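Quick notes on the structure that follows.
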Amino acid sequence: MEVFELIIALLLAGAGLTALSRRIGTPYPAMVALAGAGLALVPGTPTLVLDPELALTLFVAPVLLDAAFDASPRDLRANWRTVAGLAIGAVALTIVVVAVVARLLVPGMPWAVAVALGAIVAPPDAAAATAVLKQLRPPHRLLVILEGESLFNDASALLIYRLAVGAALAGTLSPAGVLPLLLVVTVGSVVLGFLLSRVLFLLTARMHDIAISVVVQFCGTFAVWLLAERLHLSGILTVVVFAMATARRAADVIPARVRLPSYAVWEFAVFVLNVLAFILVGLQLKAILGRLDSRTLIEYASIAGVVCVATILARIAWVSGAAAFSRWWCRPAPDGTTGPRDTVALSKGAAAVVGWCGMRGIVTLAAALALPTGGPEGPAFPYRDLVLFTAFSVVLGTLVVQGMTLRPLINRLQLKDDGSVEREVRLARVETLRAALSATAGQPGEELSELLRRRYEVLLRRAEAELAGDGNAPHGAATSDGHTFDDDAALVRRVTSAERQRLLALRADGTIGDAAFQRVEQELDLEELDLQQRAPGADSDGAS
């Protein structure tokens, strides 16, 4: 009971720290990380030992699914070179640099352990960066790059992590077998993710009970991860593919009355998992500090500090070098033509921000916690205390140093939102309202049809004025004369379905991205629920 009360108190403290961080413009993980580090110094706090296999499943699977579900394939394709370079090149460079530094500092450390440490600290956490960036409204492309990177760098880093941990425990690693294994794991994970997304839709296509649907979503997430792990595939990559495939069809299958509350539950769950991850690491560090004398503690702190600096510099070096090469590659030719333009090179200012957005977070913490502690099932991971201490120090150092200086850096560089998402939102509003207006034409039920037609004519005029830049009236769901819709539920369903199908078509043909899609989808969900209340019997079955 004491531990439960402590966790409740710390969750409340985490909520308070989050509110404070938003007020002062710092990532909330930075504030919670500082609180977690302080736990290790508080006398009397309990020591919790989390099961290694549970750590990655509990903390990473839901957080990754939440991020991947919101990812935009269109925007990722437009920036695939930059995202792939960060997810593979930057991760590989960080692993190599950290492994070499660790071996120089600790000559007795096996290479497999050094590589595992590099893989643990290699993947940045986009949540920490976007917590600040979304408040500052930078160019949308920066958010796409950072969020896309966070999906795939987790997969690449943790694939190497798994191999390195296995090699450290077994004492051997066959380089000749690594590449074929990585290929099999990658292809198998992608195929499994697609197949499981199809299975989920067969199970949930007619599931309109909110509580049951949310439970199935969470259980399905953990089931996808566990099945991939049982098949010796990548849980990370499988969950990412599963989430992105699911997001393509969810808007057309999940009704509005289920989607809105489930999104709120997911946002809460991800927040709680982030807070708990930092708390648990703080409690783990308490046991480590208790086993260290002052001399060893100073040695560990020195190693962790050097590794943290190496981690930051490796990312900056990769981003700066890749951006400079890309600008050179895309430079104008003597005849005035330009190089390949499927992806635009990052400017110096944008590259500086991307390079500085290397804050580590929940994936690094969960991977460090998942290192075997030793017992009847197998030996302990070599240098586990040092690796865990270093991982938490890198997370804390990057969150505090980079996270708390990110806002001044962006303000100094004057990187502003280019308005691309807002333009797409305005366009989507106009198109969906036109579809709704068309759906009211020639329908039975003259009085209701006329009321709906008048309503959408008013809203369409407002939306067209916003799109043209001649007006700023808000998009709303109020009727033009205050009347209620008391009959003809079929017409209400037809109108809301026309809006939703048009929105889906805009996303499918690439006219709008997922950021604009999700904003307008939320507006349509609220509008649909409002219409259902005004027209009894117009439930969400068949509304989309």
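The values are calculated or read from the model by the stated rules, or taken from the named source; none is laboratory data. All figures in this text were calculated on a predicted structure; none of them were measured in a lab. No Cβ is skipped: glycine too gets one built from the backbone with ideal geometry, and neighbour counts run over all protein chains shown. The accessibility values were calculated without ligands, DNA or RNA, using every heavy atom of the protein model including side chains. Shrake-Rupley method; radii C 1.70, N 1.55, O 1.52, S 1.80 Å.
Note on segment 50-102: enclosed helices (runs of 4 or more DSSP H) holding 2 or more residues that are out of contact with any Phe, Trp or Tyr (no Cβ under 7 Å at 6 or more places or on another chain) and over 25 Å from TRP356 (Cα atoms) are 52-69.
Only residues that are more than 22 Å from the chain's Cα centre (by Cα) and either at pLDDT 90 or above or not aliphatic (A, V, I, L, M) (or both) were counted across segment 202-221, and they come to 4. The residue pairs whose first member lies in segment 160-186 and is over 16 Å from ILE95 (Cα atoms) and in a helix (DSSP H, G or I), whose second member is modelled with pLDDT under 75 and open to solvent by less than 60 Å² (accessible area, probe 1.4 Å), and whose beta carbons are closer than 9 Å, counting only pairs six or more residues apart or on different chains, are LEU169/GLY378.
I need a count of the residues in segment 464-490 that are at pLDDT below 70 and part of a helix (DSSP H, G or I). Of the residues in that region, 2 qualify. Just one of the listed residues (LEU409, LEU346, LEU365) is open to solvent by 20 Å² or more (accessible area, probe 1.4 Å), out of contact with any Pro (no Cβ under 9 Å at 6 or more places or on another chain) and either within 21 Å of PRO123 (Cβ to Cβ) or part of a helix (DSSP H, G or I) (or both), and it is LEU409. Taken over segment 290-308, the criterion of being open to solvent by 50 Å² or more (accessible area, probe 1.4 Å) and not in a helix (DSSP H, G or I) is satisfied by ASP293 alone. Is it the case that segment 179-188 has a residue that's modelled with pLDDT of 90 or more and of a type outside the set (Phe, Trp, Tyr)? Among the residues of segment 179-188, at least one is modelled with pLDDT of 90 or more and of a type outside the set (Phe, Trp, Tyr), which makes the answer yes. Restricting attention to segment 234-257 and to residues that are open to solvent by 20 Å² or more (accessible area, probe 1.4 Å) and of a type outside the set (A, V, I, L, M), the residue that is modelled with the lowest pLDDT turns out to be ASP252.
Filter segment 80-105 down to the residues that are hydrophobic (A, V, I, L, M, F, W, C) and open to solvent by 20 Å² or more (accessible area, probe 1.4 Å) and list them by number.
Within segment 80-105, TRP80, ALA84, ILE88, ALA92, LEU93, VAL96, VAL97, VAL100, VAL101, LEU104, LEU105 meet the criteria.
Could you list all residues from segment 54-90 that are closer than 21 Å to ARG519 by Cβ and under 15 Å from the mean Cα position of the chain (by Cα)? Across segment 54-90, the qualifying residues are LEU65, ASP66, ALA67, ALA68, PHE69, ASP70, ALA71, SER72, PRO73, ASP75, LEU76.
Just one of the listed residues (LEU227, LEU260) is open to solvent by 10 Å² or more (accessible area, probe 1.4 Å), closer than 28 Å to SER189 by Cβ and in a helix (DSSP H, G or I), namely LEU227.
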